[in-house]
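The values are calculated or read from the model by the stated rules, or taken from the named source; none is laboratory data. The shown structure was predicted, so the numbers you read here are calculated from the model rather than taken from an experiment. Glycine gets a Cβ as well: all are built from the backbone with ideal geometry, and neighbour counts include every protein chain shown.
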Amino acid sequence: MKILKYILPCLLGLIFVQCTEKINIKLDSTSARLVVDGAITTDTVAHKIKLSTSTDYFYNEPAPAVTGALVSINDGTSTIILTENPVGSGSYETLSTFFGVPGRVYKLHIELKEALNGQRIYDATETMPKHVKIDSIQMEFKEDIFKKGAWQTKLYAQDPLDENFYSFRGYRNNVLVTDSLNRVITTDDKLFNGRYTNGIAVLYWNQNMNWEVINTGDRIKLQLGTITKNYYNFIQELQLEVGEKNPLFSGPPANVRTNISNGGVGYFAAYATSYATTKIKPIPNK
Amino acid sequence: MKLQLLVFILFLILCYTRLFANENGPTIPGPKTTISGTIRDKSNGEALIGATIYVKELKTGTVSNSYGFYSLNLLPGTYTLVFSYMGFQPAEKTIDLKKEQTLNIELVSKEKLLKEVVITANKAAEDIRKPEMSVNKLNVKTIQRIPALMGEVDVIKAIQLLPGVTSTSEGSSGFSVRGGAADQNQIILDEATVYNASHLLGFFSVFNNDAIKDVTLYKGDIPASNGGRLSSVLDVRMKDGNAKTFSGEGGVGILSSRLTLEGPIGGEKTSYMISGRRTYADMFLPLASNKEVRNNTLYFYDLNAKISHTINENNRVFLSGYLGSDVFKNKFAKMSLGNQTFTARWNHLFSKRLFANFSLISSKYGYELGTPDGNANSFDWTSELHDYSLKGDFTWYINPSNTIKFGIISTYHTLDPGVAKGIGSESIFKEFIIPMNYGFEQAAYISNEQKVTNKLIFKYGLRFSVYQNIGKGTVYNYNAQHDAIDSVVYAAGKVFKTQGGLEPRLGITYNFTPSMAMKASYSRTLQYLQLAQNSTAGTPLDLWFSSSPNVKPQICDQYAIGFFRNLKDNTLEFSVEGFYKNMQNTIDFKDHAVLLLNEKLEGELRVGKARSYGLEFLLRKNEGRLNGWISYTYSKTERTIPEINNGKTYRAPYDKPHNFVIVFNYELTARSYLSANWIYSSGTPMTVPVARAMIGNKIVPIYSERNGYRAEDYHRLDLSYSIKDKERKNRKWSGEWNFSLYNAYGQKNVWALNFVQDDKDPNKSYAEKTYLFTFIPSITYNFKF
């Protein structure tokens, strides 16, 4: 129920002015752990798995890359080795002809050059969910949402009868706008299982935010991802932990789940994608 | 436990054998007779709760009950009775008791007396003598004088200034008593449970002070007549209504206005009280510069009403109700929520020594949340809880040394955890229903207050309570990983789980002198209904869930010992109390629990133990130009739950070891007073990161220990100044201006602590505190007529 996140702060904002102030606090340290951040999708592209280490909270530098590791993915029939590209970046790639197949079980295997937090070997397993196709999308301008209005991306697709979890990412002129994980929209199908989505708004483009501004003629692309329940929960938890917290409706902070073994953090995801594109037509009153 | 029970039963037998043998009166044998009656306020006929009746000759006495009734069973003879009540002039009556006699007493408020005349005769040290501890009473006037946020006089905010009580979060109506959770407080208004006592996200409470007569907080040593919550009982009683003359009071503040009218209906036998309050913040919204804000609706209101009728000397009836709601609406969303309570009561005297009260109670809390229709995502979500109770409470005044109370209560709970559905033809949402949950909560109790000697008083009682889950109900079975494996549906009306237990309550008071006592108590309490909430302050989206085949009732054993001493002719009360609480089947929630619209909620629960202990000091001065209190509490409260924090003991969210409060009121002149309160407490425990990971271009915190960090200390000063209009003869109207300043020196107390990724440099992060209020001035005009 995302609506809570919208209503309650709004209510609070109306009554009292909340103020914030940067403060200095001293935090404890802990030993560095392996961080895995990567996904394979049904797209035919070079898929990336990024390896880094955790750091002190106020480290304030890019996360240290974990280089020279042996990274492989097994899909039940064959194993492919990922190559670090560029060398020293901690980013490991498949060939650009690689694509994931729904229903297959993908196993990520990592062997580090040197142990981190006492562990050299890490594994993760994820099953590629099946496709859910987008019929079409529509863009609609809503003047009364946010200060300068918002564009809604409306989705037309059939939700299958079984339990599904979705992620939505938006592209403007082929550039991913929802570029960080906290801006990816996710939903379960609990409240509309088996129904036609009938133009439900899945993305809001806030015209107040300059990176979301849409102009006439722009081509807007929606990526619908069918994701696993575990990955859905991972994204939800991550969004909670990186988002703003307050005593009214935030539970106690807690570690975001992971599917990496042996004390690793992060996630190795697999999801099936479907795309639809539309072009922004001029609106009469804009 | 078995041993405790055995000792308790032995004790009961022992006391029983002494019950009728124990006589404190003159030694002449002969049949006893009874003097009884009701104690009222002379100005308005309001029954006085907890007034003392002291028999000089016997050096003993009794206390009026919640309806102002008292009864004393004495041998015939001549007695001098002293009737006293805080803030009132004591009355002394000499009676020649030959046969059963009714003596109704009306006391005069000290305010009505000429200032020059000060009578201090026979001031009873009731706090010392009463065999009860861990109790704090606040009278309405005291509450009124405490500086309040936005001038909204608030019972719950006043309660939070008492020793052993802390607010769950800045400005919140939630409170923690002796380390208990907010849902372990039973808040009752005229006997009806108020499930959510807050307005506007908790910043204000539902109690309109003008409609209230009496507020008592039991922090421990909970009477056997009450149960169902582990930590405390907050007993709030509404005014009966002025039986003498039509009168009213009200006020206009910056947030709300209120008006209370009361008076007799055809003679003194019937009286009514009606009281309303509404905020008008939304009336200013159209003036807002922001068009988003301009179209909002936002208000809350309260309505209290009561009718009291005296049928005859032996029968009185009361009907009272409360209705309150919060409404919020804008173009995209709407939310409304509120409580409704209704109580019908009948006081009946079976004899002058057997007082009975029968109550029929209904209590409801519900909310609705949704979006306007006409869109694919239009939906509506409702949740409601409704209780119906029947209750019979009896007080048997055997003799001045023994007062037996007994009774039964039966409550039918209907919990509707939530129905969400699409609205309008466009909506894609179907109906999503969390199955209803029905239950019967029953209890019977008996207790006696026995004055063994004039110095030694025992109080002992036993409560037996059960909770029964009734069909139609759906119960999921969970595996060791808390995943639902299957479910069972029980047919309507079928009792599919019964859980319960005995709740012994014991107390002992020893009076060294009339102004010095030691007291000790033990109480066991059971709780069958709890709130699914893992935030500290809580949203209004309350979801109560019951004990069930998967959830055992929570149990609390509390031991307390206290020393009580009155100084300076009882004008100064000093007390120190130590407590230890041991709680079983304590419920917490797993990390990132999904609590709302989750039919498998029980899979999100994690169960363990909790304990808390502390020491409370209180120095209080109730009367005089300078009055108020100073309190200091040291307490610790922690939980051990195997599947949370890796099984390591962690601080409960309300663990604030040091808590220091000064509440001060000084009457500058006959017309004006100055009030201040200052709070200093340890900061709230928080969970902070020890490391970070970069995932999906976001800095993701990694935590080690739950509530391992403590925020900086909290402190705040509030001030208020009040001045009355000049008194004029032949004018009933009297007004008073109140100016208050909340957080007078603008302390930026931590309300929330966030770790934020820098917008400009995504590799950087910093800590940021959110604070709510610096200084908030307000002005209120209060009037009476």
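Could you tell me whether residue B:669 is more than 20 Å from residue B:715 (Cα to Cα), modelled with pLDDT under 95 and not basic (Lys, Arg)? Before the answer, list the steps.
Numbers: more than 20 Å from residue B:715 (Cα to Cα): yes; modelled with pLDDT under 95: yes; not basic (Lys, Arg): yes.
When the stated conditions are applied, residue B:669 passes them.
Quick check on the stretch B:395-432: of everything there that is within 14 Å of chain A (Cβ to nearest Cβ) and assigned to a strand (DSSP E or B), which residue is nearest to residue B:60 (Cα to Cα)?
As a first pass, look at the stretch B:395-432 and keep what is within 14 Å of chain A (Cβ to nearest Cβ): B:417-432.
Checking which are assigned to a strand (DSSP E or B) leaves us with B:417-422, B:432.
On the way: B:417: 52, B:418: 55, B:419: 58, B:420: 61, B:421: 64, B:422: 67, B:432: 63 Å.
Among residues in the stretch B:395-432 that are within 14 Å of chain A (Cβ to nearest Cβ) and assigned to a strand (DSSP E or B), the one nearest to residue B:60 (Cα to Cα) is B:417.
When residue A:267 is evaluated against the numbered criteria (1) surrounded by fewer than 21 Cβ atoms within 10 Å (Cβ to Cβ); (2) at negative phi; (3) touching a residue at least 60 places away in the same chain (Cβ under 8 Å), which criterion, by number, is the only one it fails?
(1)
Which of the strands (runs of 3 or more DSSP E) found entirely inside the stretch B:44-112 contain at least 1 residues meeting this: more than 28 Å from residue B:406 (Cα to Cα) and in contact (Cβ under 8 Å) with a residue 60 or more places away in the chain? Quick ask: steps written out before the conclusion?
Working: elements: B:52-55, B:60-63, B:69-74, B:77-84, B:91-97, B:105-109.
Per the criteria, B:91-97, B:105-109.
Just checking, which of A:85, A:60 is modelled with pLDDT under 95 and within 14 Å of chain B (Cβ to nearest Cβ)? Steps first, answer last, please.
Working: A:85 fails: within 14 Å of chain B (Cβ to nearest Cβ).
After ruling out the rest, the residue left standing is A:60.
State whether one or more residues within the stretch B:199-212 are in contact (Cβ under 8 Å) with a residue 40 or more places away in the chain, farther than 30 Å from residue A:246 by Cα and among the charged types (D, E, K, R). Reasoning before the result, please.
Step one: of the stretch B:199-212, the residues in contact (Cβ under 8 Å) with a residue 40 or more places away in the chain are B:199-212.
Narrowing the set further to residues that are farther than 30 Å from residue A:246 by Cα leaves B:210-212.
Those left that are additionally among the charged types (D, E, K, R): B:210.
Scanning the stretch B:199-212, I find at least one residue that is in contact (Cβ under 8 Å) with a residue 40 or more places away in the chain, farther than 30 Å from residue A:246 by Cα and among the charged types (D, E, K, R), so the answer is yes.
Out of the stretch B:515-537, which residues are surrounded by fewer than 23 Cβ atoms within 10 Å (Cβ to Cβ) and within 14 Å of chain A (Cβ to nearest Cβ)?
B:531, B:532, B:534, B:535, listed by residue number.
Out of the residues in the stretch B:739-752 that are crowded, with 20+ Cβ neighbours inside 10 Å and polar (S, T, N, Q), which is farthest from the other protein chains (Cβ to nearest Cβ)?
Looking at residues that are crowded, with 20+ Cβ neighbours inside 10 Å and polar (S, T, N, Q), I get B:740.
Does at least one position in the stretch A:218-234 carry a residue that is out of contact with any Leu (no Cβ under 6 Å at 6 or more places or on another chain) and at the interface with another protein chain (Cβ under 8 Å from one of its Cβ atoms)? Working first, answer last.
If we filter the stretch A:218-234 for residues that are out of contact with any Leu (no Cβ under 6 Å at 6 or more places or on another chain), which is where we start, we get A:218-234.
Subsequent filtering for residues that are at the interface with another protein chain (Cβ under 8 Å from one of its Cβ atoms) retains A:233.
Taking every residue of the stretch A:218-234 in turn, at least one turns out to be out of contact with any Leu (no Cβ under 6 Å at 6 or more places or on another chain) and at the interface with another protein chain (Cβ under 8 Å from one of its Cβ atoms).
Name every residue in the stretch B:596-617 that is within 14 Å of another protein chain (Cβ to nearest Cβ), under 29 Å from residue B:636 (Cα atoms) and among the acidic types (Asp, Glu), in order of residue number.
B:604
Take the residues in the stretch B:311-328 that are surrounded by fewer than 18 Cβ atoms within 10 Å (Cβ to Cβ) and touching a strand residue (DSSP E or B) at 6+ places or on another chain (Cβ under 8 Å); name whichever of them is nearest to residue B:211 (Cα to Cα). Reasoning before the result, please.
If we filter the stretch B:311-328 for residues that are surrounded by fewer than 18 Cβ atoms within 10 Å (Cβ to Cβ), which is where we start, we get B:311-315, B:317, B:319, B:323, B:327.
In the following step, the residues that additionally are touching a strand residue (DSSP E or B) at 6+ places or on another chain (Cβ under 8 Å) were identified as B:311, B:313-315, B:317, B:319, B:323, B:327.
Details: B:311: 23, B:313: 26, B:314: 26, B:315: 24, B:317: 18, B:319: 14, B:323: 13, B:327: 22 Å.
Restricting to residues being surrounded by fewer than 18 Cβ atoms within 10 Å (Cβ to Cβ) and touching a strand residue (DSSP E or B) at 6+ places or on another chain (Cβ under 8 Å), the top hit is B:323.
Checking the condition within 30 Å of residue B:537 (Cβ to Cβ) and within 18 Å of the chain's Cα centre (by Cα), which residue from A:242, A:202 passes? Break it down stepwise before answering.
Values: A:202 fails: within 30 Å of residue B:537 (Cβ to Cβ).
Answer to the selection: A:242.
Pairs please, first residue from the stretch B:322-340 and within 14 Å of chain A (Cβ to nearest Cβ) and farther than 11 Å from residue B:301 by Cα, second anywhere and β-branched (Val, Ile, Thr) and in a strand (DSSP E or B), Cβ atoms under 6 Å, 6+ apart in sequence or on different chains.
Here the result reads B:329/B:297; B:336/B:327, each pair linking the stretch B:322-340 to a residue that is β-branched (Val, Ile, Thr) and in a strand (DSSP E or B).
Is it the case that residue B:674 is without any contact (Cβ under 8 Å) to a residue 24 or more places away in the chain and more than 7 Å from every other protein chain (Cβ to nearest Cβ)?
On the way: without any contact (Cβ under 8 Å) to a residue 24 or more places away in the chain: no; more than 7 Å from every other protein chain (Cβ to nearest Cβ): yes.
Here the answer is no, as residue B:674 does not meet what is asked.
Confirm whether residue B:187 is crowded, with 24+ Cβ neighbours inside 10 Å and part of a strand (DSSP E or B). Give the derivation first.
Numbers: crowded, with 24+ Cβ neighbours inside 10 Å: yes; part of a strand (DSSP E or B): yes.
Spelling it out, residue B:187 is indeed crowded, with 24+ Cβ neighbours inside 10 Å and part of a strand (DSSP E or B).
Hey, among the residues in the stretch B:461-484 that are in a strand (DSSP E or B) and small (Gly, Ala, Ser), which one's nearest to residue B:564 (Cα to Cα)? Talk me through it step by step, then tell me what you get.
Taking the stretch B:461-484 first, the residues in a strand (DSSP E or B) are B:461-470, B:473-478, B:484.
From what's left, small (Gly, Ala, Ser): B:461, B:465, B:473, B:484.
Numbers: B:461: 23, B:465: 32, B:473: 50, B:484: 53 Å.
The residue in question is B:461.
Only one of B:692, B:731, B:706, B:716 is in contact (Cβ under 8 Å) with a residue 24 or more places away in the chain and surrounded by fewer than 21 Cβ atoms within 10 Å (Cβ to Cβ). Can you tell me which?
Answer to the check: B:716.
So if I check each of B:755, B:775, which one is within 30 Å of residue B:172 (Cα to Cα), surrounded by fewer than 19 Cβ atoms within 10 Å (Cβ to Cβ), of a type in the set (A, V, I, L, M, F, W, C) and within 14 Å of another protein chain (Cβ to nearest Cβ)?
On the way: B:755 fails: surrounded by fewer than 19 Cβ atoms within 10 Å (Cβ to Cβ).
One residue alone meets the criteria, B:775.
For (1) farther than 29 Å from residue B:134 by Cα; (2) assigned to a strand (DSSP E or B); (3) modelled with pLDDT of 95 or more, each residue gets a yes or a no:
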| position | (1), (2), (3) |
| --- | --- |
| B:486 | yes, yes, no |
| B:492 | yes, no, no |
| B:503 | no, yes, yes |
| B:512 | no, yes, no |
| B:524 | no, yes, yes |
| B:538 | no, no, no |
| B:558 | no, yes, yes |
| B:578 | no, yes, yes |
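Go through A:248, A:240 for me and flag whichever is facing chain B (nearest Cβ under 7 Å) and outside any loop (DSSP other than H, G, I, E, B). Reasoning before the result, please.
Working: A:248 fails: outside any loop (DSSP other than H, G, I, E, B).
Exactly one residue qualifies, and that residue is A:240.
From the residues in the stretch A:146-168 that are buried (at least 20 other Cβ atoms within 10 Å of the Cβ) and either touching a residue at least 60 places away in the same chain (Cβ under 8 Å) or on the phi > 0 side of the Ramachandran plot (or both), which one is nearest to the other protein chains (Cβ to nearest Cβ)?
The extreme case among them is A:155.
Against the condition away from chain A (no Cβ under 14 Å) and either touching a residue at least 40 places away in the same chain (Cβ under 8 Å) or closer than 30 Å to residue A:193 by Cα (or both), how does residue B:467 come out, does it pass? Please lay out each step first, then the result.
On the way: away from chain A (no Cβ under 14 Å): yes; either touching a residue at least 40 places away in the same chain (Cβ under 8 Å) or closer than 30 Å to residue A:193 by Cα (or both): yes.
In short, yes.
Of the numbered conditions (1) in contact (Cβ under 8 Å) with a residue 40 or more places away in the chain; (2) within 30 Å of residue B:328 (Cβ to Cβ), residue B:535 fails exactly one; give the number of that condition.
Among (1) in contact (Cβ under 8 Å) with a residue 40 or more places away in the chain; (2) within 30 Å of residue B:328 (Cβ to Cβ), residue B:535 violates only (1).
Please pick out the residue among B:323, B:354, B:298 that is of a type in the set (A, V, I, L, M) and under 20 Å from the mean Cα position of the chain (by Cα).
Numbers: B:354 fails: under 20 Å from the mean Cα position of the chain (by Cα); B:298 fails: under 20 Å from the mean Cα position of the chain (by Cα).
Among B:323, B:354, B:298, only B:323 is of a type in the set (A, V, I, L, M) and under 20 Å from the mean Cα position of the chain (by Cα).
Residue-wise test of (1) more than 15 Å from the chain's Cα centre (by Cα); (2) of a type in the set (A, V, I, L, M, F, W, C); (3) over 27 Å from residue B:385 (Cβ atoms).
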{"site": "B:194", "(1), (2), (3)": "no, yes, no"}
{"site": "B:201", "(1), (2), (3)": "yes, yes, no"}
{"site": "B:209", "(1), (2), (3)": "no, no, no"}
{"site": "B:218", "(1), (2), (3)": "no, no, no"}
{"site": "B:278", "(1), (2), (3)": "yes, no, no"}
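Would it be correct to say that residue A:216 is part of a strand (DSSP E or B) and not aromatic (Phe, Trp, Tyr)? Before the answer, list the steps.
Working: part of a strand (DSSP E or B): no; not aromatic (Phe, Trp, Tyr): yes.
In short, no.
From the residues in the stretch B:628-652 that are among the charged types (D, E, K, R) and surrounded by fewer than 22 Cβ atoms within 10 Å (Cβ to Cβ), which one is farthest from residue B:675 (Cα to Cα)?
Residues of the stretch B:628-652 that are among the charged types (D, E, K, R), as a first pass: B:636, B:638-639, B:643, B:648, B:651.
Next cut, surrounded by fewer than 22 Cβ atoms within 10 Å (Cβ to Cβ) only: B:636, B:638, B:643, B:648.
Numbers: B:636: 30, B:638: 35, B:643: 47, B:648: 44 Å.
Looking at the filtered set, the residue picked out is B:643.
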